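Here's the structure we're looking at; comments come further down.
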Amino acid sequence: MNLNKSTYFRYNGIIHVHSVFSDGTRPIPEIAQIAHELDVDFLLITDHNTLRGKREGFEGWYGNVLVGIGSEVNDAQDKNHYLVFDVDEELGPHLPAEEYLMRVHQAGGLGIIAHPDEKRRHIARYKPYPWTLWDSELFHGIEIWNQMSEWMEGLTHFNKLWRIWQPRRSIISPKPETLERWDRLNLKRKVVGIGGVDAHGYLHQLWGPFSIRVFRYKVSFRSIRTHVLTAEPIKKNEDYRQALKKIYSAIKEARCFISHVYLGDASAFSFFAENDHGWATMGEGLIFEPDTVFKVELPREASVLFIHNGKILAQKTGRNLEFKGKERGVYRVEVHVENRPWIYSNHIRLE
């Protein structure tokens, strides 16, 4: 809660990216250069079960792009994929999921569940990697929108040519069951929602010897972004470790939102609440007061869904909109353009 309206500093980033240190196809400096060309502020690398990129000194500034290196950890059954940041210990499939959840928690790191409700049925060799440990309260967040997972789940032998030819157009929305789960979790505690691209830049086999590169990094980076609001500015000449701490802190506190860049630049989006007790933005809370005002500011006219405890309360169209929160609970908004989801805010709590 803030007694006065605070100024936060906005940065947009790409989360969940693989390099040549696991199953990606480009080295980290080349990936960072692509991010720089697309005006990305931060890039979080998550190679599978390794921190080799961090050990070999690839974390840091690349021009105006801040690169952090974490890992994507999984168990021996290749389930329970977990995006881990701000932890120096390498965790891997030799550990049960309960153990790496605990180790990340004890180290004070940031842990986010990857593609939690993944289901793939159409092509046998692309198996799903779901999350099963929902009883745990040690994770900080969930990846509510995973670009590659959504693309793969919709892939069939009949539509793959179209989906390969128009990859960004095939990215429509997060899974409804993931959004429902995310809202339920936030009724109990703060659980941040982030967006991930799951970028590999890999070759997809069409038929026989014929292959095509699907979702080149430059294409992936034009899809799902996570925008963070930091309490302090990030200066391009400051120590990269301190700068990354600001990014991780904002994500852990859920001061962030997700956008689909294909539908437009959402950097100027704002969502906040005001009443006589103060002001709060995403990831924050206010003491409940009837008719607390929630405000949405958009860079373009769009349709906004106002959601309380997972249920839609109202829908309005415009650029600067107001809604009333009449009950305790958690509130968020979804913004749609061209009948497609564009922005997902994190929650504001009235308590």
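Values computed for the structure shown
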{"read-out": "Flag if D23 is of a type outside the set (A, V, I, L, M) and in contact (Cβ under 8 Å) with a residue 60 or more places away in the chain", "value": "yes"}
{"read-out": "Of residues in the stretch 300-351 being at positive phi and part of a strand (DSSP E or B), the one farthest from the chain's Cα centre (by Cα)", "value": "G318"}
{"read-out": "Considering residues of the stretch 244-270 that are of a type in the set (F, W, Y) and modelled with pLDDT of 95 or more only, the residue nearest to the chain's Cα centre (by Cα)", "value": "F257"}
{"read-out": "Search result, residues across the stretch 1-44 that are among the aliphatic types (A, V, I, L, M), crowded, with 19+ Cβ neighbours inside 10 Å and within 24 Å of G283 (Cβ to Cβ)", "value": "I14, I15, V17, V40, L43, L44"}
{"read-out": "Residue within the stretch 328-347 that is at pLDDT 95 or above, polar (S, T, N, Q), open to solvent by less than 70 Å² (accessible area, probe 1.4 Å) and closer than 22 Å to I251 by Cβ present", "value": "yes"}
{"read-out": "All positions within the stretch 223-243 that are at pLDDT 95 or above and among the hydroxyl-bearing types (S, T, Y)", "value": "T226, T230, Y240"}
{"read-out": "Some residue of the stretch 60-68 being open to solvent by less than 20 Å² (accessible area, probe 1.4 Å) and polar (S, T, N, Q)", "value": "no"}
{"read-out": "Test: residue in the stretch 79-87 that is surrounded by 23 or more Cβ atoms within 10 Å (Cβ to Cβ), over 25 Å from S223 (Cα atoms) and either of a type in the set (F, W, Y) or free of Cβ contacts under 8 Å to residues at least 60 places away in the same chain (or both)", "value": "no"}
{"read-out": "Where a residue in the stretch 309-338 is in contact (Cβ under 8 Å) with a residue 60 or more places away in the chain and among the β-branched types (V, I, T) and its partner, wherever it lies, is open to solvent by 100 Å² or more (accessible area, probe 1.4 Å) and assigned to a strand (DSSP E or B), with Cβ under 8 Å and at least six apart", "value": "none"}
{"read-out": "Residue within the stretch 110-126 that is modelled with pLDDT of 60 or more, among the acidic types (D, E) and assigned to a loop (DSSP other than H, G, I, E, B) present", "value": "yes"}
{"read-out": "Residue selected from the stretch 65-82 under the condition of a type outside the set (D, E, K, R) and in contact with a His (Cβ under 6 Å, 6 or more places away or on another chain), by the criterion nearest to K235 (Cα to Cα)", "value": "V65"}
{"read-out": "Single condition N74 does not satisfy, out of (1) touching a residue at least 24 places away in the same chain (Cβ under 8 Å); (2) out of contact with any strand residue (DSSP E or B) (no Cβ under 8 Å at 6 or more places or on another chain)", "value": "(2)"}
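Yes/no per residue for (1) at pLDDT 95 or above; (2) not aliphatic (A, V, I, L, M):
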residue: S6; (1), (2): no, yes
residue: F9; (1), (2): yes, yes
residue: G13; (1), (2): yes, yes
residue: F21; (1), (2): yes, yes
residue: I28; (1), (2): yes, no
residue: A32; (1), (2): yes, no
residue: V40; (1), (2): yes, no
residue: I45; (1), (2): yes, no
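The values are calculated or read from the model by the stated rules, or taken from the named source; none is laboratory data. Keep in mind the model is a prediction, meaning the values are calculated, not measured. Here the Cβ is made from the backbone with ideal geometry for all residues, glycine too, and neighbour counts use every protein chain on show. When the accessible area is computed, the model is the full protein with side chains, heavy atoms only, and any ligands, DNA or RNA have been set aside. Shrake-Rupley method; radii C 1.70, N 1.55, O 1.52, S 1.80 Å.
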